[in-house]
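S.K.: There's a structure below that I have some questions on.
The values are calculated or read from the model by the stated rules, or taken from the named source; none is laboratory data. Owing to the predicted nature of the structure, the values given are computational and were not obtained by experimental measurement. Don't worry about glycine lacking a Cβ; one is built from the backbone with ideal geometry, like all the others, and counts go over all protein chains shown. Surface areas here come from the heavy atoms of the whole protein model, side chains and all, with no ligands, DNA or RNA. Shrake-Rupley method; radii C 1.70, N 1.55, O 1.52, S 1.80 Å.
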Amino acid sequence: MPRHIAIIMDGNGRWATQRNKPRTAGHKAGVSALRTTIEACATYGVDVLTVFAFSSENWRRPDQEVSMLMELFLLTLKNQAKRLHKNNIRLKIIGEKTKFSESLQSKMQEVEQLTSDNTGLLLIIAANYGGQWDIEQACLQMMSYASKENVSLSDLKVDDFLSTAGIPEPDLFIRTGGEHRISNFLLWQLAYSELYFTDTLWPDFDKDALDLAMTHYSSRQRRFGQTGEQLTHG
Ligand code: FPP
């Protein structure tokens, strides 16, 4: 069982287009697929689920789609906060949050606060997130910490300054929607993750689709640089 699953939820737009619906309908259906996946991960006892909701590059989409996505985030946080809390789920948002509206930022903070003592699944939503941004901000923070605390940079670790500091790295990475790319998601953290790509479009991703990804994961031998023989013979 993977402890940490990271997902790029791709294919909402195509799902909608196939049904002659506006792209925004695909994002709404995407929220429902996300709920199913969160519930399944919580039931399976997965510790961490990280999902890519909005990349630093997604601001380039048509204005109308960007503002609909922002409204959807706000609405979903409002509607789902109690449910997350009741299910003992802890929410953490990573990314450059200052670019979001005041109301969205304060809602994000409110739900993080509400769920901060929960001990079940940790749900991380990457919003206005970019893997390169994360590494850069970690290096900057590390340098300022070193000079403020008067410690040597070589005694510090980049991991401890990433937005996922203290959280185990993803064991399994899933990308739906058929593309085989990391798209500036968790670049540092995915170094040793199993990569799983499926053509299934995100709104169609259900418990069976998750089970297939889990089966793929359990069939892989993770070597972390060692040989297969070293692992089987200790
Ligand atoms: C990619 O599909 C999806 C997104 C950029 C948005 C993902 C957001 C959600 C699933 C909603 C999540 C909600 C919360 C509250 C976290 P795409 O539009 O790139 O699809 P395409 O490749 O078919 O065009």
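S.K.: Please compute the length gained on full extension between N88 and Q141, using 0.36 nm multiplied by the number of residues separating them and subtracting their Cα-Cα distance.
M.R.: 15.9 nm is the gain from fully extending N88 to Q141.
S.K.: How high is the relative contact order of region 78-165, in percent, with contacts defined as C-alpha pairs under 8 Å that are six or more residues apart?
M.R.: Worked out over region 78-165, it gives 31 percent.
S.K.: Return the loop-located GluC sites (Glu not before Pro) in region 88-133 (DSSP other than H, G, I, E, B) with at most 16 other Cβ atoms within 10 Å of their own Cβ; answer none if there are none.
M.R.: Answer by residue number: E96.
S.K.: Follow-up. On the full set of protein chains, 1.4 Å probe, figure out the accessible area of D171 and give it in Å² to the nearest 10.
M.R.: Spelled out: D171, probe radius 1.4 Å, area about 20 Å².
S.K.: Give the long-range amide H neighbours of D206: residues separated by 5 or more places, or on another chain, with amide H under 5 Å away, using H modelled in the peptide plane at 1.01 Å from N.
M.R.: none
S.K.: Run the accessible area of region 64-191 with a 1.4 Å probe and give the carbon-and-sulfur part as a rounded percent.
M.R.: On the way: 3340 of 6770 Å².
Of the solvent-accessible surface of region 64-191, carbon and sulfur hold 49 percent.
S.K.: Which of the listed residues, N150, Q80, I125, is farthest toward the dipole's positive end in the chain, when Lys, Arg count +1 and Asp, Glu count -1 at the beta-carbon?
M.R.: Q80
S.K.: Would you give the gap between the C-alpha center of region 1-50 and the C-alpha center of region 148-179, rounded to a whole Å?
M.R.: 23
S.K.: Which loop-located GluC sites (Glu not before Pro) does region 164-234 contain, where loop means any DSSP state but H, G, I, E or B and the Cβ has at most 14 other Cβ atoms within 10 Å?
M.R.: E179
S.K.: Still on this structure, please answer the following. Within the set K21/K107; K21/K99; K28/K78, which residue pairs have Cα atoms separated by over 23 Å?
M.R.: Listed pairs above 23 Å: K21/K107; K21/K99.
S.K.: With every protein chain in place, what's the accessible area of S116 (1.4 Å probe, Å², nearest 10)?
M.R.: For S116, solvent-accessible area is about 60 Å².
S.K.: Once a ≥ b ≥ c are taken as the square roots of the eigenvalues of the Cα gyration tensor of the chain, is the result rounded (a/c under 1.5), prolate (a/b larger than b/c) or oblate (a/b not larger than b/c)?
M.R.: Cα axes put the chain in the oblate bin.
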